[in-house]
Amino acid sequence: MIFGADYYPEQWTPKDWKEDISIMKEMGLSSVRLAEFAWAIMEPKEGKYDFSFFDHILNLIQKNKMTAILGTPTATFPPWLAKKFPDIIQERDGIQRTIGTRRQACFSSPNYKKAVIKIVTSMAKHFGNHPAVIGWQIDNEIGHEGSDIDHSQTSLKAFRIWLKNKYKTIRALNESWGNVFWGILYNSFDEIPIPGRHLASNFHPSMIQDFYRFHSDTIIDFVKLQAQILRKFSVGRPLTTNLYPSPFLPIIDMAELSTYLDYISWDNYPTWGEQETPFPHPFLSAMQQYNRGLKNLPFTVMEQISGFQGHDLLGYLPAPGQTKLWMKHSIIHGSNAIYFFRYRTARFGQEQLCYGILDHDKEKTERYYELQNGIQEIKEHAEDFTEELFPAQVAIVHDIENARNWKHQPISTGLKFSPVIWSQLGYDIEMATWFSGMNVLNVNTHFRPISKIDFKDYKIIILPMYTMVNEVVFKRLEQFVKEGGTLVLGFRTGAKNLDGWMYDSAIPGPFTEMAGVKVRKFEAVGNQKIKFRFRYFPGICSKICEILEPTTAEVWPVTPIEKNSTKVFQ
């Protein structure tokens, strides 16, 4: 079991480094993550590499019998690169990202990819066999802060090429999307616009779905590119990328991305910014289980919260003992390495409100002693937890295609959850809500991506919000039910095919025979909220309420429904 910290020696003076390492070792830490934002230090001018700073740090780490994970520094590029190649910068809804922030890069830019190949190759050749280096982190929180969508002209050009490779002819694209609607029939791929900001009606939903697929493929190719370099020049060092938050980035196919990694890592922040309360434990459990399920192996928490966090606003202060509890919660769910973010709170920069183990000074804090105590309490048995199998007869299934669909077509305001302007997480929050119900009932439950699950391993499969149906998956589910499995479906299941076309049959579409019901009426409830009672249990509908018409299904109790203080019996 590894306990470590995210460490930024470039933000401190040489006289701090030895003392920092001493304090970390005294706390019980044995590893650090380094360099994920240090491109400008290692390549201050084009083609002029200087690795002496991190040579010194790695030698100091090795001398003190500690280890390091190196991050490839591609989440922020040096100013000289943008000055020379303006096409490497992203654009979002008409706003161009710029130097001075982070995650500005256009993943479709050939110039950016060439620069990435050079810095990653140089790093891998130089540090790849250093005894202190135990692995690599590719990029940092890839796709975070809205960088999974790019509306630049470079991105548009790449999107058109992606569409041509997929559809071959413009006629096939028009037919697949249904562009006869509103008469948007393209004559060539060069006529296709970027589906960005709009004043009134939205872009075609099938177009948006393909735009999201394109970005997922582009980002995965970017990770794959770096992985190939690192495996060539740093043989035997395992590779990861720190997902954040996972799975709640509904553009990137995390399941496919994971196939190019040796293990999964993610960043665990139960509270952030102005949140007044932390996420509930069942919600965190859903994320932990999803990350474990991506490779069905123990995972790393590359950034584990150690103090309250924020860039501009701060809210909830973790209660005494809470950071220790969150650490143990990760371990119990299968984490075999914990890196606390961060060792010491930055005195300058955009993250000077991201509190670490230590404050801005070096005085040992209550958090320091709390986490030190937590490590001592659990380190002897931590590996027992991570190596222990987590059997379950129930699985909740996550599907990236439906996550994307619900992002751009949430239907109900109750499913429109946008904590920041670049995210829409209604589908993912609803998935975690279903998981939480099983968690509260103390039912061992796996949370798996649909491409990584064998239905035969379970007695019960829960498939919430499976609006877009993959015909191959449907046949597998049909066979699962025929063999005695129980399939639980949520609202709006079976409405569309993968092209985004609504089925020419009532919901639940292809599932109608299995479910024994049809849905002819439904309401997007939103803020109205509908009260109901199922036997002895009261409940509130705040998202979508479907009126079921039984065909062959057995009807349990008739349910009284109350809306706007008027009772309606269905």
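Looking at the stretch 263-283, which of the residues that are among the hydrophobic types (A, V, I, L, M, F, W, C) and over 13 Å from the mean Cα position of the chain (by Cα) is surrounded by the fewest Cβ atoms within 10 Å (Cβ to Cβ)?
The selected residue is PHE283.
The one condition from (1) of a type outside the set (D, E, K, R); (2) at pLDDT 95 or above; (3) farther than 23 Å from TRP434 by Cα that ALA255 does not meet is (3).
How many of the residues making up the stretch 274-286 are among the hydrophobic types (A, V, I, L, M, F, W, C) and either part of a loop (DSSP other than H, G, I, E, B) or over 22 Å from ALA337 (Cβ atoms) (or both)? The number of residues fulfilling the criteria is 2.
Any residue that is of a type outside the set (Lys, Arg), in a helix (DSSP H, G or I), within 23 Å of the chain's Cα centre (by Cα) and crowded, with 20+ Cβ neighbours inside 10 Å - is there at least one of those in the stretch 113-122? Scanning the stretch 113-122 turns up at least one residue that is of a type outside the set (Lys, Arg), in a helix (DSSP H, G or I), within 23 Å of the chain's Cα centre (by Cα) and crowded, with 20+ Cβ neighbours inside 10 Å. Just a yes or no: is a residue in the stretch 173-181 under 29 Å from THR72 (Cβ atoms), surrounded by fewer than 19 Cβ atoms within 10 Å (Cβ to Cβ) and either of a type in the set (Gly, Ala, Ser) or modelled with pLDDT under 95 (or both)? The answer is no, given that none of the residues of the stretch 173-181 is under 29 Å from THR72 (Cβ atoms), surrounded by fewer than 19 Cβ atoms within 10 Å (Cβ to Cβ) and either of a type in the set (Gly, Ala, Ser) or modelled with pLDDT under 95 (or both). When the stretch 429-445 is limited to residues that are of a type outside the set (A, V, I, L, M) and either without any contact (Cβ under 8 Å) to a residue 40 or more places away in the chain or out of contact with any helix residue (DSSP H, G or I) (no Cβ under 6 Å at 6 or more places or on another chain) (or both), the one that is nearest to ILE251 (Cα to Cα) turns out to be GLU430.
Quick check, is PHE348 in a loop (DSSP other than H, G, I, E, B), out of contact with any Leu (no Cβ under 9 Å at 6 or more places or on another chain) and within 19 Å of TRP12 (Cα to Cα)? The answer is yes for PHE348. Do we have GLY315 as on the phi > 0 side of the Ramachandran plot, surrounded by fewer than 21 Cβ atoms within 10 Å (Cβ to Cβ) and assigned by TED's automatic domain parsing to the domain that holds ASP20 here? So GLY315 fails the test.
Only residues that are in a loop (DSSP other than H, G, I, E, B), free of Cβ contacts under 8 Å to residues at least 60 places away in the same chain and of a type outside the set (S, T, N, Q) were counted across the stretch 287-321, and they come to 14. Restricting the stretch 338-358 to residues that are out of contact with any helix residue (DSSP H, G or I) (no Cβ under 9 Å at 6 or more places or on another chain) and not hydroxyl-bearing (Ser, Thr, Tyr) leaves a set whose member that is nearest to ILE21 (Cα to Cα) is ARG342. Residue count for the stretch 225-264 under the criterion of being part of a helix (DSSP H, G or I) and in contact with a Leu (Cβ under 9 Å, 6 or more places away or on another chain): the result is 8. Only residues that are surrounded by fewer than 20 Cβ atoms within 10 Å (Cβ to Cβ) and touching a strand residue (DSSP E or B) at 6+ places or on another chain (Cβ under 9 Å) were counted across the stretch 393-409, and they come to 2. Summed over the stretch 17-28, residues that are touching a residue at least 60 places away in the same chain (Cβ under 8 Å) and not acidic (Asp, Glu) total 4. Here the condition is being at pLDDT 90 or above and exposed (fewer than 14 other Cβ atoms within 10 Å of the Cβ); of GLU387, GLU377, it holds for GLU377 alone. Are there any pairs with C-beta distances below 8 angstrom linking a residue in the stretch 469-493 that is without any contact (Cβ under 8 Å) to a residue 40 or more places away in the chain to a residue that is surrounded by fewer than 19 Cβ atoms within 10 Å (Cβ to Cβ) and of a type in the set (S, T, N, Q), with the two at least 6 apart or on different chains, and if so which? Pairs found: GLU471/ASN497. Restricting attention to the stretch 483-498, the residues being part of a loop (DSSP other than H, G, I, E, B) and touching a strand residue (DSSP E or B) at 6+ places or on another chain (Cβ under 9 Å) number 8. Within the stretch 59-76, if we keep just the residues that are in contact with a strand residue (DSSP E or B) (Cβ under 6 Å, 6 or more places away or on another chain) and crowded, with 21+ Cβ neighbours inside 10 Å, the residue that is farthest from GLY28 (Cα to Cα) turns out to be GLY71. State yes or no: is LEU358 assigned by TED's automatic domain parsing to the domain that holds HIS311, crowded, with 20+ Cβ neighbours inside 10 Å and either touching a residue at least 24 places away in the same chain (Cβ under 8 Å) or farther than 28 Å from MET327 by Cβ (or both)? So LEU358 passes the test. Set side by side, the residues ILE134, ILE220 differ, and just one is among the hydrophobic types (A, V, I, L, M, F, W, C) and surrounded by 20 or more Cβ atoms within 10 Å (Cβ to Cβ), which is ILE220. Is it fair to say ILE149 is in a strand (DSSP E or B) and touching a residue at least 12 places away in the same chain (Cβ under 8 Å)? For ILE149, the condition - in a strand (DSSP E or B) and touching a residue at least 12 places away in the same chain (Cβ under 8 Å) - is not met. Being surrounded by 23 or more Cβ atoms within 10 Å (Cβ to Cβ) and out of contact with any Phe, Trp or Tyr (no Cβ under 6 Å at 6 or more places or on another chain) is true of PHE340.
For the stretch 379-400, enumerate the residues that are in contact (Cβ under 8 Å) with a residue 60 or more places away in the chain and more than 30 Å from GLY490 (Cβ to Cβ).
Those that are in contact (Cβ under 8 Å) with a residue 60 or more places away in the chain and more than 30 Å from GLY490 (Cβ to Cβ): LYS379, ALA382, GLU383, THR386, GLU387.
The values are calculated or read from the model by the stated rules, or taken from the named source; none is laboratory data. This is a predicted model, so every value here is computed, not measured. Positions of Cβ are backbone-derived with ideal geometry, glycine not excepted, and every protein chain shown enters the neighbour counts.
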